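Notes follow the structure.
The values are calculated or read from the model by the stated rules, or taken from the named source; none is laboratory data. Being a predicted model, the structure only gives us computed values, none of them experimental. Positions of Cβ are generated from backbone atoms using ideal geometry, with glycine treated the same way; all protein chains shown enter the neighbour counts. Surface accessibility is based on the protein's heavy atoms, side chains included, excluding ligands, DNA and RNA. Shrake-Rupley method; radii C 1.70, N 1.55, O 1.52, S 1.80 Å.
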Amino acid sequence: MTGLLARAIWAAIAVEVSAQWLLSAPAHRRPADEDGEAPWLVVLLPMLREQAVAAQSIAAFTGLDYPTGRAAVAVVTTEREHTARAQHRARLAELAALPTLTPSQLRGLFPAARCPAVAATVNTTPPDERLAVLAKQFDAEPSTADIVTALTTGPTSGLPLVHLHQPDVGGRKPGQLNFALDRLPDVLGPLGWREDAHAHDTFILVYDADAVPDAATLTAFADAAATHRTRTGRMPALIQQQRLPLLTRRPFPRGIAGLLLTEEWVYQLRRSLGIELARVRLHHWLTRSRIPEPVRMWLRPMVYAVGCGMAVHLPTLRQLDGFPEPMEDLGTGHRLSLLGAHFAPSTALVLDEPYTDTAGLANLHALAFTASARPDRHAREVAHLPSTLPRSARAVLILREWTDEAAWLLGAPLLTTAVASAWWAGPLWAGLAAAGVLLHGPITTARLLALAPALHHRVIPPATTEPTPFAAPARPIALVATSPFQPFVRLAGPWRLIWAKATGRRLGFGKTER
């Protein structure tokens, strides 16, 4: 009970401090690059079946403010999408023969927003014509590469746009990113960039295709790099822009599933502020502090990099041999933490969409667990590289990450048992249990719901994009009341994965792997 209460107090404080730090940050108004010292920035947008948001995403990122000739946007599509389309086309006859076609049965064949309309069209067509209608709809749907090619060849304004198309070589998002890393001269070369001369001043920025960044995103990265270099004499290995899941393009479903997904949305906001940003800021402070190393060893966190708003120094990426599978962000954060690399936070924000379907959420949790559960493997991958941390500090980081993963798998049922037993252990323990549950659940959830509109308003998107939608949760009272049960939502993905491995079944992780 004491541990539960301490963790709840820490989470509430971390959320509040991080939120106030973001809300009080000054606006970035960087002048033109008169002295030619602005770092080179490459925005990488890996896309797979992103027809619905590709044009909006490209407009947002090419419209970012930055000195002319020092940044470019590269969209990375993959031939895996066309391979999957050929396989899906073979299923059209089977789908057309169904008595009633549902939108869920079309997921993966069409963008999610188009599935209801296509299903309705097919269902109102005579049975002998359904296959022809469905095939016509399928063939008329452009691929992501088709859309990006059209945008690249047309007139553009703002940052230069480059389209890179990866062959069907398997892999996931890290593979697309590494494909782009091998072709940086094609992206920045036309601007006069050469790796042998400019790598020390180049950052690679990674985003999700559905993200909408603040207009000052790139200037905020440049300011963070310059400030860190002034204070420490070196570039940060990674600058993290904070991702907030406040972009509600698609509503949550109704019923229990919708309530659980909304609970996860609140948790993701809490994690973004109280864990991801708090750890980067704590690590940043420890790097510059004069606290003795034995003390810093126990305070230093394992940083969780986030692949939507992550800027990695190019020499660091070359040293790591690119982005690691299966998740480019968690793996990079783990490896840089074990090397004692420098991290820096950015005060600009980026919005992305929360998960609105349970299967996608379970796949995300399974993949994140896979990427985090073996920090010893990350340690072996970077064992040949120089580290500023002693062996004991690296061992503490690995043990701390294993503790986090064990708490993920077992924490919720163990704490539930402890809370239930506290009521028979006496009034002191019952009081601690009540305080911990209230602070960890309803109180922090209510505070996050109050902070969400202000944080969303903090993001000023580029002028090339439409206003970003924000919708308050439909049932805030139910959300606050059921918040203590949220940790159980995160158990489905990892335990489903463990069960699949134990029974010898192969489990996929979602659309990127498919």
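Length gained on full extension, N123 to A226: 31.2 nm, using 0.36 nm per residue less the C-alpha separation. Only protein heavy atoms count here; under a 1.4 Å probe, H165 has an accessible surface of about 70 Å². Judged by the ratio a/c of the largest to the smallest principal axis of the C-alpha gyration tensor, region 158-272 counts as oblate, that ratio being 1.5 or greater while a/b is no larger than b/c. Potential lengthening of the chain between E381 and V133 amounts to 84.1 nm, from the contour at 0.36 nm per residue minus the alpha-carbon distance.
Counted over the chain, the DSSP beta bridges are approximately 25% antiparallel. Each helix, a run of at least 4 DSSP H residues, gives -39500 (n - 2.57); summed and divided by the residues of the chain, these come to -15500 deg cm²/dmol at 222 nm.
Taking I204, I147 and ordering them by how much accessible surface each has at a 1.4 Å probe, largest first, produces I147, I204. What is the chain by shape, rounded, prolate or oblate, if you read a ≥ b ≥ c off the alpha carbon gyration tensor as root eigenvalues and call it rounded for a/c under 1.5, prolate for a/b larger than b/c, and oblate otherwise? Because a/c hits 1.5 or more and a/b fails to exceed b/c, the chain counts as oblate. Between region 144-206 and region 328-387, what is the C-alpha centre distance in whole Å? Their Cα centres are 22 Å away from one another.
Averaged over residues, the count of other Cβ atoms within 10 Å places the peptides 264-274, 10-20 in the sequence 264-274, 10-20, highest first.
In a DSSP loop and with at most 16 other Cβ atoms within 10 Å, the trypsin sites (Lys or Arg not before Pro) in region 1-91 are R29, R91. Cβ-Cβ distance of F485 and R194, R₀ of 45 Å, FRET efficiency by 1/(1 + (r/R0)^6): the value works out to about 0.20.
Just subtract the alpha-carbon distance of H82 and I460 from 0.36 nm times their residue separation and send over the number in nm, one decimal.
132.5 nm
Note on A97 and A359: with the Förster distance fixed at 22 Å, the Cβ-Cβ geometry gives a FRET efficiency of about 0.35. Once R0 is set to 35 Å, what does the formula 1/(1 + (r/R0)^6) return for the Cβ-Cβ distance between A478 and R505, expressed as a FRET efficiency to the nearest 0.05? The pair A478/R505 has a calculated efficiency of 0.50. For region 353-409, the set of trypsin sites (Lys or Arg not before Pro) satisfying both a DSSP loop assignment and a count of at most 16 other C-beta atoms within 10 Å is empty.
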